[in-house]
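Shown next, in structure tokens, is the structure this report addresses.
The values are calculated or read from the model by the stated rules, or taken from the named source; none is laboratory data. Because the structure is a prediction, the values reported are computed rather than measured. Cβ sites come from the backbone with ideal geometry, for glycine too, and all protein chains shown count toward neighbours.
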């Protein structure tokens, strides 16, 4: 057919934009919407297999193309993207309605190393919309609960209205064996949960150090604070994993718009260990 090529046994890449129909739109938080999509070509759709941690290129016709991480898990999850309105193309996407069409290329990227972390304790630390790229991993780990040790989520946002996937959080809080800590920056009327910056919850969670991996995603200030606390607790830099969100224009390493030092995020990443991130220096 000439429209897909294999990237490995787990995924197939759609190399040219394929038409997808918006089936549902869900308002998440201010300026963030989730778009549930269905690829029109059923044959292409059957080959469109994703891995947690990957991203796609989404085309809004008449506006342009942008890279977006994939929050759905590879199993038992409707295909969707959660997008913050930040520029021309994403603003155009937010104006679309159910039944409108977009273009999809991908999936691209290396994904999270689930095979390597089987049997380990898994810690998630997210701030704000940093939960979007980590959601797929959380859902995957919960679907394969017996393959991992302790599973801990530490998530913070400025206010309750800034917490992504509130409906997922409500479900996660009820799951036995899934240790979930949610905080907001400052007290507000009606909030009965934790308050304070997310890194302050790490000692309270009493995270294990041995045989543990941590996934961290959020704004730079939060990221740096969390990394410091995790390493002070004893985690090594190669046991801390994150995604590097950079402006990606092509997804296949040709334009080099996402170059950071000697790495191209779209082809070498977007998932990196903190040890790898440190070698990229001040450009992060």
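Numerical summary
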{"quantity": "Residue satisfying all of: in region 190-237; part of a strand (DSSP E or B) and at pLDDT 95 or above; farthest from residue 178 (Cα to Cα) among these", "calculated": "217"}
{"quantity": "Filter result for residue 227 (over 16 Å from residue 138 (Cα atoms), touching a strand residue (DSSP E or B) at 6+ places or on another chain (Cβ under 8 Å) and surrounded by 15 or more Cβ atoms within 10 Å (Cβ to Cβ))", "calculated": "yes"}
{"quantity": "Within region 56-84, tally of residues that are touching a helix residue (DSSP H, G or I) at 6+ places or on another chain (Cβ under 8 Å) and in a strand (DSSP E or B)", "calculated": "10"}
{"quantity": "Filtered residues of region 93-132 (kept if part of a loop (DSSP other than H, G, I, E, B) and more than 19 Å from the chain's Cα centre (by Cα))", "calculated": "95, 96, 97, 98, 99, 100, 118, 119, 120"}
{"quantity": "Extreme residue, surrounded by the fewest Cβ atoms within 10 Å (Cβ to Cβ), among residues of region 238-273 that are part of a strand (DSSP E or B) and without any contact (Cβ under 8 Å) to a residue 24 or more places away in the chain", "calculated": "259"}
{"quantity": "Residue 175, sole failed condition from (1) surrounded by fewer than 14 Cβ atoms within 10 Å (Cβ to Cβ); (2) within 26 Å of residue 220 (Cα to Cα)", "calculated": "(2)"}
{"quantity": "Selection count, region 57-79, where residues are in contact (Cβ under 8 Å) with a residue 60 or more places away in the chain, buried (at least 18 other Cβ atoms within 10 Å of the Cβ) and within 18 Å of residue 131 (Cα to Cα)", "calculated": "7"}
{"quantity": "Residue match in region 13-31 (condition: in a loop (DSSP other than H, G, I, E, B), under 23 Å from residue 245 (Cα atoms), more than 15 Å from the chain's Cα centre (by Cα) and modelled with pLDDT of 95 or more)", "calculated": "yes"}
{"quantity": "Candidates 273, 279, filtered to the one that is farther than 24 Å from residue 147 by Cβ and not assigned by TED's automatic domain parsing to the domain that holds residue 57", "calculated": "279"}
{"quantity": "Any chance residue 164 is under 24 Å from residue 140 (Cβ atoms), in a loop (DSSP other than H, G, I, E, B) and not assigned by TED's automatic domain parsing to the domain that holds residue 139", "calculated": "no"}
{"quantity": "Criterion violated by residue 204 - all others in (1) free of Cβ contacts under 8 Å to residues at least 60 places away in the same chain; (2) not assigned by TED's automatic domain parsing to the domain that holds residue 193 satisfied", "calculated": "(2)"}
{"quantity": "Selection status of residue 89, in the same structural domain as residue 48 (by TED's automatic domain parsing), in contact (Cβ under 8 Å) with a residue 60 or more places away in the chain and closer than 30 Å to residue 41 by Cβ", "calculated": "no"}
{"quantity": "Any hit, region 262-279, residues being modelled with pLDDT under 95 and on the phi > 0 side of the Ramachandran plot", "calculated": "no"}
{"quantity": "Condition broken by residue 157, with the remaining ones in (1) in the same structural domain as residue 48 (by TED's automatic domain parsing); (2) at pLDDT 95 or above; (3) within 20 Å of the chain's Cα centre (by Cα) satisfied", "calculated": "(1)"}
